[in-house]
1. Go through region 31-42 and give me each residue that's over 12 Å from T5 (Cα atoms) and of a type outside the set (A, V, I, L, M).
2. Within region 89-111, can you find the residues that are in contact with a helix residue (DSSP H, G or I) (Cβ under 7 Å, 6 or more places away or on another chain) and assigned to a helix (DSSP H, G or I)?
3. Evaluate the following for K163: is it surrounded by fewer than 19 Cβ atoms within 10 Å (Cβ to Cβ), under 24 Å from F261 (Cα atoms) and modelled with pLDDT of 90 or more?
4. Would you confirm whether any residue within region 151-162 is out of contact with any Phe, Trp or Tyr (no Cβ under 6 Å at 6 or more places or on another chain), over 30 Å from G14 (Cβ atoms), in contact (Cβ under 8 Å) with a residue 24 or more places away in the chain and not in a helix (DSSP H, G or I)?
5. Can you say whether N28 is polar (S, T, N, Q), at positive phi and in the same structural domain as Y199 (by TED's automatic domain parsing), as far as the supplied structure shows?
6. Go through region 21-44 and give me each residue that's under 14 Å from the mean Cα position of the chain (by Cα) and either aromatic (F, W, Y) or crowded, with 21+ Cβ neighbours inside 10 Å (or both).
7. Residues being among the aliphatic types (A, V, I, L, M) and either in contact with a Phe, Trp or Tyr (Cβ under 7 Å, 6 or more places away or on another chain) or not assigned by TED's automatic domain parsing to the domain that holds Q62 (or both): count how many of those fall in region 90-105.
Amino acid sequence: MISPTPNMIAEKAGPVGKLIFNKPAKRNATSSDMWEAIPVIIDEFEKDPAIRVVVVTGAGDQAFVSGADISEFEKARSTPEQVAHYDKIGEIANARLSKCSKPTIARIRGFCVGGGVAVSLTCDIRIASDNCKFGVPAARLGLGYRAAGIKTLMDVVGPAYAKEIFFTGRMFSAEEALGMGLINRVVPDAELDAYVDDYCKRIGENAPLTMHAAKRTIEELTRLDGKPDFGRTTALVKECFASEDYIEGRRAFMEKRNPQFEGR
């Protein structure tokens, strides 16, 4: 699969689509071309019915994403207009990741900083190696974070930890991140790939419509405006019960075999 930029890699392996931040020499620091590539790649994964789960990760072993490429700021974020454009493409990319109809897993190794934390929070599940470091150093750079971004973090870790992360600007260990609820699992570094592969296998075997319904329902229940669309969630549940997968799931249970779901 071709990515619009060599700084982002898109791969397909069976039921897994991999979106890889590919700037290891700069610890996968993000640049404009990377943000612009993300919606293109996610669109391709969503169109492919063979892809059941998307893994988001960073190239190399030093970082998931270490934040924005500050060396780009002088030419890309030095005027109000440039800042607005850069923020917009980043917002679109993160929204596209968050709205992905398929389950997403952030596979985190090494540094996960600033924008890297934001990217990880767009994913449904965050699995990290025990050598990870997390932080949002905005207060050390004079950056401001929009309400939507802070709300996303706050929904995951709560107001008290969100304040600690922003106020201190310090780095947190994987164990601290786990304790805050920032990540779902911590595994030994040598076991990270096998662990993520196992999660992908489990998810890939489950009913796509059920997972989609759960994902969208949680999305509605955590809306920024606090006004869930219960009509939408009810329709998603009805779609599950009216599906061929529901019939297959019942039959497989009665026949004591593994179901073969098709997402319809």
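1. If the condition is that a residue be over 12 Å from T5 (Cα atoms) and of a type outside the set (A, V, I, L, M), then P39 is the only one that fits.
2. If the condition is that a residue be in contact with a helix residue (DSSP H, G or I) (Cβ under 7 Å, 6 or more places away or on another chain) and assigned to a helix (DSSP H, G or I), then I89, G90, I92, A93, N94, R96, L97, S98 are the ones that fit.
3. So K163 does not fit the description; no.
4. There is no residue in region 151-162 that is out of contact with any Phe, Trp or Tyr (no Cβ under 6 Å at 6 or more places or on another chain), over 30 Å from G14 (Cβ atoms), in contact (Cβ under 8 Å) with a residue 24 or more places away in the chain and not in a helix (DSSP H, G or I).
5. Criteria met by N28.
6. Residues of region 21-44 under 14 Å from the mean Cα position of the chain (by Cα): 21, 35, 38-39, 41-42.
Correct list: F21, W35, I38, I41, I42.
7. 2
Residue-by-condition table, conditions (1) among the aliphatic types (A, V, I, L, M); (2) over 22 Å from N131 (Cβ atoms):
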{"residue": "R146", "(1), (2)": "no, yes"}
{"residue": "F167", "(1), (2)": "no, yes"}
{"residue": "G181", "(1), (2)": "no, no"}
{"residue": "D198", "(1), (2)": "no, no"}
{"residue": "L209", "(1), (2)": "yes, yes"}
{"residue": "A214", "(1), (2)": "yes, yes"}
{"residue": "L221", "(1), (2)": "yes, yes"}
{"residue": "E244", "(1), (2)": "no, yes"}
{"residue": "R250", "(1), (2)": "no, yes"}
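The values are calculated or read from the model by the stated rules, or taken from the named source; none is laboratory data. Bear in mind the structure is a predicted one, so any value in this text is a computation, not a measurement. A quick note on method: Cβ atoms are made from the backbone with ideal geometry, for glycine too, and the neighbour counts reach across all protein chains shown.
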